[in-house]
Amino acid sequence: MNTADLARLIENLIRIGTIAVVDHGARKLKVKSGNLLTNWLDWPADIGRNYKRWRPLRLGTQVILTCPAGDPAQAMIIGMLYSNGRESPSIDPNIDLIAFDDGSYLEHHQGNKTLKLHSAGDLTISAAGNITIQAPRVDINP
């Protein structure tokens, strides 16, 4: 292997790119990084022991690719980055926030121990069993 091939392999180990093509139904996407447009890549998953989360991904989102053995044909997305036009919804270190484009959000504030849920439209709460509300005081439509 010559030095040019070695340099190319090292350069391709980790790349930054943006999501260029999305197939939500197949859960596949392509990433543009420099002059490279990847093959269809697997969708990064958020799976825990007790949950699976669906996150429809956006065109233009900046991602981190790893390419085993420096081969972009084997690329995998290992992370996403905030960038211009895709800023974080908060910079407050006390807040964990899930914000939606329509203005709906779920916010936990560690400092004052509050949890807020806001819907920009209707909100439905359903349960197969009972619903219990416990609080020193409950205000409805104050």
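The values are calculated or read from the model by the stated rules, or taken from the named source; none is laboratory data. Remember, predicted model here, so these are calculated numbers, not experimental data. Ideal geometry is used to build each Cβ from the backbone, glycine not excepted, and the neighbour counts take in all protein chains shown.
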Return yes when Arg15 is outside any loop (DSSP other than H, G, I, E, B), in contact with a helix residue (DSSP H, G or I) (Cβ under 9 Å, 6 or more places away or on another chain) and at pLDDT below 95 and no when it is not. no
Among what's in the range 78-124 and is among the acidic types (Asp, Glu) and more than 30 Å from Val31 (Cβ to Cβ), pick the residue that is surrounded by the fewest Cβ atoms within 10 Å (Cβ to Cβ). Asp122
Selection from the range 105-121 of residues that are assigned to a loop (DSSP other than H, G, I, E, B) and of a type in the set (A, V, I, L, M): Ala120
Has the range 29-52 got any residue that is under 30 Å from Ser119 (Cβ atoms), under 17 Å from the mean Cα position of the chain (by Cα) and modelled with pLDDT of 95 or more? yes
Scan the range 65-77 residue by residue and report those that are more than 15 Å from Leu37 (Cβ to Cβ) and buried (at least 16 other Cβ atoms within 10 Å of the Cβ). Gly70
Among the residues of the range 3-62, which ones are exposed (fewer than 11 other Cβ atoms within 10 Å of the Cβ) and among the polar types (S, T, N, Q)? Thr3, Asn35, Asn50
Kindly establish whether Asp139 is over 26 Å from Ile14 (Cβ atoms) and either surrounded by 10 or more Cβ atoms within 10 Å (Cβ to Cβ) or at pLDDT below 95 (or both). yes
